1. Round to the nearest 10 and give me the degree value, 0 to 90, for the angle of helix 191-206's Cα axis relative to the longest principal axis of the chain.
2. Relative to the longest principal Cα axis of the chain, at what angle does helix 156-165 sit, 0 to 90 degrees, rounded to 10?
3. Multiply the residue separation of residue 135 and residue 216 by 0.36 nm, subtract the distance between their alpha-carbon atoms, and state the gained length in nm to one decimal.
4. If each DSSP helix of 4+ residues adds -39,500 (n - 2.57) and the sum is divided by the residues in the chain, what number results at 222 nm, nearest 500 deg cm²/dmol?
5. 7 Å from Cα along Cα→Cβ at both residue 277 and residue 176: what's the point-to-point distance in nm?
6. With charges only on Cβ, +1 for K and R and -1 for D and E, what is the dipole size of the chain about its Cα centre, in debye, rounded to 20?
7. Please compute the modelled spin-label separation between residue 206 and residue 58, points set 7 Å along Cα→Cβ, answer in nm with one decimal.
8. Which lysines does residue 41 reach when only Cα atoms under 29 Å apart count, and residues fewer than 8 places away in its own chain are ignored?
Amino acid sequence: MLEAQNISYTAPNGTRLIRSVSLAVKSGEVLAVIGPNGAGKSTLMKLLIGELKPTHGEVRMNGTPLKLWSAEERARVRALMPQESGLAAAYTVFEVVLLGRLPHKRSSKAADEAIAEYALQLVDAEHLQDRIYPTLSGGERQRIHLARVLAQILHEREIEETFAANPLQDKPSAMQPRFLLLDEPTSSLDIAHQHLLLQLAKRVAALGIGVVAVLHDINLAAQYADTLLMLSGGAVAEYGATWDVLTEPAIADVFHVSASLVTAQGLARPFVVCNTLS
């Protein structure tokens, strides 16, 4: 489990950016973090990955304080997919995905390559593996970086077990719980690729990996998240099962809009329609 226990963060200039936030992400769960601009979403993500240290409170991963994990140990258990990657070198796609294996120094070349192949299959991009990375479209690049961070936290034994049954079988792993953090992963994608990426995130969760995604689109969060954290002014406004906390009054309080929850035939969940500024 990835936990934030009553964490707060004050910037060097004295501004308090995060105020007493608690959350817990379990294996197989998709948690979406939403809120208006300046709510503290990016700061919270930096605290969860250990880029920033809480001023108060503690982040724990699998029961151990994050500060006690070495950087290499952390990298084998949790991976971050940032909003953008500055990678511009003429690597092949397969070489980019293999970069995710760098924290696994004791792993064999054969195991690293098998995991990279499996990660590409998980994101339906194995047909791209020989392409030169800078020639890809924006949506393709996002899928490749998702494969890269998956390769970072997958392990040889579970790949062997999975391939023995079905190369793309979604089944929880018996390995140590791991976590995938997505920082605004859909911000530069068109609508089709937004849904594709979050469908892939759900598939990752089905493998038993906990997923945390910072999202701007409330309807994407509504459709794909099991649990929702609504931030406002650096503090928790609402937190819990998505349709317990995503209510019209909560949306009005946090986003300052009048909104309606609308149901439609063929949709498992309602969607949010913004009416007017509140």
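Just so you know, all these numbers are worked out from the coordinates, no wet-lab data involved. Note that the coordinates shown come from a computational prediction; the quantities given were computed from them, not determined experimentally. Reconstructed Cβ throughout: ideal geometry from the backbone, glycine too, with neighbour counts over all protein chains shown.
1. Approximately 70 degrees, to the nearest 10.
2. Between helix and principal axis, roughly 80 degrees.
3. Separation in residues times 0.36 nm, less the Cα-Cα distance, equals 26.4 nm.
4. -10000 deg cm²/dmol
5. 5.0 nm
6. 700 debye
7. 3.7 nm
8. 26, 53, 67, 202
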